[in-house]
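Working notes, beginning with the structure itself.
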Amino acid sequence: MDNNISIIAAAGILPTGKIIINPEDNICNEFSAPDRQKISKSRFLWRLNNKEELIELMKVSLLAAIKQVRMDVLDIDYLIISQVWPDSILCDEGGQLSRALKLSCPVVSVNAGTNGGVIALELATAKLLNAEFHNIAVITGCNYSHWFSKSDPARTLLSDGAACLIISRKQGVKVTGFHTLNTAHYDILKFNEVSESYVCYKPEGGKYIFNNLKETIYQCCSKVCQSNGIGLNDISAFYVYDPTEWVAGITAEALGVEKDKIVSIFHKYGSLGPAQSFFGFMEIQNNKNLTDFDWVIVMGFSPSSTATAVLLQWQNIPCSVHCYDHKEKLSNLMV
């Protein structure tokens, strides 16, 4: 992909409801590694009081991102939203954001599960090939901890939050290429309407992911490299969607690269659905000593949907993660 399209700003917003899961308190669940009973260290989860509050986090993530590059919300001429999950059959979150921010630009919703952030980034990049558009915002949001039964052990993996990337033709982290795979064979989730409306998983779903994810990671990452004439060893940092502790380890095995090239954010955030890949992108900037033009891969993954790897050429850009309280507004800047 030969273009000058770049990510120029990124912002993540978390609720103030913070939960700590210590190793001794960890509960094994369907998605635990088969050979590991305890987690290696404490992890943090972030929870909204109710799932309807997510729209406010999504709005604030956009405002925080554009503020970093001294833009105005009216400078955004296309908005793509990916949320897990929309709160109603109308999928009106885009309309709510438009009304709240007085936007007149097109607003498009993308439903690609936990890979929604990277898929939305791919769509934004394609849109910017049209000279009509100059600045596109991609917002991701996750409130899916509220869609699982409170008694479900897997809920101890789940967080709520939102993140926004601004895509432009200005100088930034250059978006170089994508490779997407179908993941329908991972068919693990179902909707339970028997008593209460909850999302749950099919038996052996976690085992299937554990046995097959290495191949998916390898195919996505190796093929996006091949398409751009480089190899996996040319990549300085990888972030692969890690909704559980063991993903970082199998990523290094699958790709045959040093473990210190793999970025993991599971212990810091839990699983943030489609927003997770954007938080992983920001973690690369915070924790990797990258030089200009280093190669980086960010990979999203959604069972029963798609997996997508995006190849990026690095530049330092404004990135920030904040906690947000409806009463206190933007609070502590997090590291």
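The values are calculated or read from the model by the stated rules, or taken from the named source; none is laboratory data. None of these values were measured; they are calculated from a predicted model. Because the Cβ atoms are built from the backbone with ideal geometry, glycine has one as well, and the counts that use them run over all protein chains shown. Each accessible area value is taken on the protein alone, full model and side chains, heavy atoms only, with ligands, DNA and RNA left out. Shrake-Rupley method; radii C 1.70, N 1.55, O 1.52, S 1.80 Å.
Filter the strands (runs of 3 or more DSSP E) completely within region 129-184 down to those with at least 3 residues that are in contact with a Cys (Cβ under 8 Å, 6 or more places away or on another chain), in the same structural domain as S42 (by the TED database) and of a type outside the set (D, E). In region 129-184, 135-142 are the strands (runs of 3 or more DSSP E) which contain 3 or more residues that are in contact with a Cys (Cβ under 8 Å, 6 or more places away or on another chain), in the same structural domain as S42 (by the TED database) and of a type outside the set (D, E).
Name the residues in region 108-127 that are farther than 23 Å from G280 by Cα and either modelled with pLDDT under 95 or small (G, A, S) (or both), would you? Scanning region 108-127 gives a single hit, V108.
Among the criteria (1) closer than 18 Å to A309 by Cα; (2) surrounded by fewer than 20 Cβ atoms within 10 Å (Cβ to Cβ); (3) touching a residue at least 60 places away in the same chain (Cβ under 8 Å), the one T176 does not fulfil is (2). For the structure I just gave you, tell me whether V118 is within 23 Å of H267 (Cβ to Cβ), of a type in the set (A, V, I, L, M), in contact with a strand residue (DSSP E or B) (Cβ under 9 Å, 6 or more places away or on another chain) and open to solvent by less than 50 Å² (accessible area, probe 1.4 Å). Judged against the criteria, V118 is a match.
Within region 58-85, residues that are on the phi < 0 side of the Ramachandran plot and not assigned by the TED database to the domain that holds S277 reach partners that are open to solvent by 10 Å² or more (accessible area, probe 1.4 Å) and of a type in the set (S, T, N, Q) with beta carbons closer than 7 Å, at six or more positions or on different chains, in the pairs A64/S320; Q68/S320; M71/N135; D75/N135; I76/N135; D77/N135; I81/S109; V84/T114. At least 3 residues being within 23 Å of the chain's Cα centre (by Cα), of a type in the set (V, I, T) and surrounded by 13 or more Cβ atoms within 10 Å (Cβ to Cβ) is the threshold, and among the strands (runs of 3 or more DSSP E) wholly inside region 1-105 those reaching it are 6-15, 78-84. Can we say R99 is without any contact (Cβ under 8 Å) to a residue 40 or more places away in the chain and among the charged types (D, E, K, R)? Considered against the rule, which asks whether it is without any contact (Cβ under 8 Å) to a residue 40 or more places away in the chain and among the charged types (D, E, K, R), R99 comes out as yes.
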